[in-house]
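The block underneath contains the structure these notes are about, expressed in structure tokens.
The values are calculated or read from the model by the stated rules, or taken from the named source; none is laboratory data. A quick note: this is a predicted structure, and the numbers were derived from the prediction, not measured. As a convention, Cβ positions derive from the backbone with ideal geometry for all residues, glycine included, and neighbour counts pool all protein chains shown.
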Amino acid sequence: MIKLYEKGAYVLNGTDILDEQNVTSELLYKKLGEECSKESAAKNTLAYEILEAHNTSGNMEKLKVKFDKLTSHDITFVGIIQTARASGLEKFPVPYVLTNCHNSLCAVGGTINEDDHMFGLSCAKKYGGIYVPPHQAVIHQFAREMLAGGGKMILGSDSHTRYGALGTMAIGEGGPELVKQLLSKTYDINMPGVVGVYLTGTPRKGVGPQDIALAIIGAVFSNGYVNNKVMEFIGDGVKNLSVDYRIGIDVMTTETTCLSSIWITDEKVKEFYEIHNRAEDYKELKPKKVAYYDGFIHVDLSEIKPMIAMPFHPSNVYTIDDVNANLYDILDEVENKAKISLDNNNIKYSLKDKVRNGKLYVEQGIIAGCAGGGFENICDATDILNGTYIGADEFSLSVYPASQPIFMELVKNGSVAKLMETGATIRTAFCGSCFGAGDVPSNNSFSIRHTTRNFPNREGSKITNGQIASVALMDARSIAATAANKGYLTSAENIDVNFSKPKYFFDSKIYDNRVYNGVGKADPSAEIKFGPGIVDWPAMSHLTDDLVLKVVSVIHDPVTTTDELIPSGETSSYRSNPLKLAEFTLSRKDPAYVGRAKEIQKAEKARIAGEDICAANQEVKAVFEKINVKFSVNPQTTEIGSVIYAVKPGDGSAREQAASCQKVLGGLANIAKEYATKRYRSNLINWGMLPFLLKEDIPFDNGDFIYIKGIKKAVAEKAAEIKAYVVDKDMKEFTLTLGELTNDERDIIQSGCLINYYGDRN
């Protein structure tokens, strides 16, 4: 079904695969009729071609990338623009799209939604951007329809920024990386590895793109096979997939922790651009005569069955058939895994109570967002549901078309009426079900979703209130099959259906009549509209010579998601107020964190104000006394803050709030065994936080203090190792590292954050 190569592979003429383990220079010469090195063949991938075209450094090992277009949604664009404004923004140098698809219950307690929207519209007018009003499209569907282009690169502030199926290399990063692009700076990375994903065969009837994606995620996530690499989809199986189908696979590549993705293009992609009145944006993409891939995945599409990713991670995959055949064994396994993910003995978690008459009963089904809300997904689901009904019990079904143009076409072809007849509800384009602000399930319920993630509490439940719900990821077709079976888990393969496959027609009038396009029309005289909930970033200190850090949270989970670091959902009500948003940091994982961080932050605030540090925080006096037994340190010139430890933090969302919320609470560093994603580590750096690595067992406990001498010098001089000390009577020494940092990143850390970095230079 899915084979991972131990090493890399050469691909000749796009079809002939040579496992690196069996390749000699003589064999290559015989096949090609010419000499070919691994190094030269590595330059023949699609990824290399596109990155080379966008690299400004002149060195393909150390990339400095400039993107063609940028995109953000309303969870992130206020903070991005505020940061850019504080750093000297004059106008958007490239097309920048502000979408409003994360509308949450912002009228309750935080920013009124429309205040953020008017801020976005006024900024689009002032700086020359594109503004997409609420309910028009989710961020990634608008990008597919209106932004993507063959051979182009797009940077987005959402982790699922993936348009590879359209020939566009897109990357999801934290907001500060978009700030750099808005200031005409570059995205600096080492040349990433490129993993070939060779597709062959044709999917079975009833198998959808989410099934293929989940199967791949299950094969590569835990072993880190594609971590921070580019996935390049090639092979004779690509032609057997519609563009919608390819998009559905592609958007889920984020859950593998890869950096980006790119696909070969063909006549079907050309037709997609023609349908969207953008024929000029098509470009044929295919690897050159011989291409070398650092890793290689062979996927036989015909062998993949309908899948389900059980709680609480997209990689926790099983076939639906296996779940139904081994129900209690698998549910027991999932429950045991959940105990590790939840890490809360007060939560009584069970799935076995969902078994009714030997079958797994589901309370909710959702088809939505950038993954599930596509035209083809909804049409196929409609065909499965046509003539049935979902029942009048607990089970409910909601369908969210990904854009108004898709919605309108579904109205025209009758799909909406057919779905409504079954008892399903049809909603507008909204990302709520992906981040806990729409269709939040009831306590202890089980929801199946064609969306992107199923992390703990991501669906909106509140573990601190004793509330827990489960989300499993499935394809729209099997969700529809389950709905037709009135909530009992059912594989779409078990449904006798003829898929109608109606043709899609795109009507641009919806966007022509509603979307503001100010590209090239910046108006410096335009006034920005600030609602009362929109607050500037607080001032942040520069790095001092020495550091005193209090450990305020220790997380032993194998992986910590950004949703655990800063929960989504109702927290978005405070997205435009850094201090209020920070109150939610680790609220579902470690509720005591905020209080601990604030307490030690009192000492730093006193230091900055020139006040008595020890009076502000009673612990600090004893800490400095112990340090001064071995070292000479001045409390007034030593930055004091907090640090968290996590084994592998940063899986999941690109939202920089996971880092910035720690920083505004006085967080100065993270310590980790490794960082799950580049984007989270970049967020830490851009907010002036030290991304420490610790390979040994942790020598400290929650509540301990750590002293680091000469940290500023160590950062500036690229020290390979940094000595740190647990502040106790023995001043126990241990070693930290920072990993690879660019010169700019070192300067940003020393400046205390990206805003200070640019301010120091203006």
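If only residues of region 268-291 that are of a type in the set (D, E, K, R) and not in a helix (DSSP H, G or I) are counted, the one that is farthest from Lys43 (Cα to Cα) is Arg278.
Against the test of being at pLDDT below 95 and part of a loop (DSSP other than H, G, I, E, B), the options Thr585, Thr571 yield a single qualifying residue, Thr585. Using the structure shown, decide if Leu121 is farther than 19 Å from Thr451 by Cβ, under 22 Å from the mean Cα position of the chain (by Cα) and either surrounded by fewer than 24 Cβ atoms within 10 Å (Cβ to Cβ) or modelled with pLDDT of 95 or more (or both). Judged against the criteria, Leu121 is not a match. Checked against (1) under 25 Å from Asp496 (Cα atoms); (2) in contact with a Phe, Trp or Tyr (Cβ under 7 Å, 6 or more places away or on another chain), Asn357 meets all criteria but (2). The set of residues in region 717-733 that are surrounded by 16 or more Cβ atoms within 10 Å (Cβ to Cβ), assigned to a strand (DSSP E or B) and touching a Lys or Arg at 6+ places or on another chain (Cβ under 8 Å) comprises Tyr725, Val726.
Using the structure shown, decide if Asp74 is closer than 30 Å to Trp687 by Cα, of a type outside the set (Phe, Trp, Tyr) and either in contact with a helix residue (DSSP H, G or I) (Cβ under 8 Å, 6 or more places away or on another chain) or not assigned by TED's automatic domain parsing to the domain that holds Gly151 (or both).
Considered against the rule, which asks whether it is closer than 30 Å to Trp687 by Cα, of a type outside the set (Phe, Trp, Tyr) and either in contact with a helix residue (DSSP H, G or I) (Cβ under 8 Å, 6 or more places away or on another chain) or not assigned by TED's automatic domain parsing to the domain that holds Gly151 (or both), Asp74 comes out as yes.
The residues of region 448-467 that are surrounded by fewer than 23 Cβ atoms within 10 Å (Cβ to Cβ) and either over 21 Å from His102 (Cα atoms) or modelled with pLDDT of 95 or more (or both), listed by number, are Ile463, Thr464, Asn465, Gly466, Gln467.
Residues checked against (1) buried (at least 22 other Cβ atoms within 10 Å of the Cβ); (2) under 27 Å from Phe734 (Cβ atoms):
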{"position": "Leu586", "(1), (2)": "yes, yes"}
{"position": "Pro591", "(1), (2)": "no, no"}
{"position": "Arg596", "(1), (2)": "no, yes"}
{"position": "Ala609", "(1), (2)": "no, no"}
{"position": "Ala616", "(1), (2)": "no, no"}
{"position": "Ser632", "(1), (2)": "no, yes"}
{"position": "Tyr645", "(1), (2)": "yes, yes"}
{"position": "Ser653", "(1), (2)": "yes, no"}
{"position": "Lys663", "(1), (2)": "yes, yes"}
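Consider Ile50 carefully, then state whether it is outside any strand (DSSP E or B), of a type in the set (A, V, I, L, M), at negative phi and outside the structural domain of Gly128 (by TED's automatic domain parsing). So Ile50 passes the test. Quick check: anything in region 489-500 of a type in the set (D, E, K, R), in contact (Cβ under 8 Å) with a residue 60 or more places away in the chain, part of a loop (DSSP other than H, G, I, E, B) and touching a Gly at 6+ places or on another chain (Cβ under 6 Å)? Looking for residues that are of a type in the set (D, E, K, R), in contact (Cβ under 8 Å) with a residue 60 or more places away in the chain, part of a loop (DSSP other than H, G, I, E, B) and touching a Gly at 6+ places or on another chain (Cβ under 6 Å), one finds none in region 489-500, hence no.
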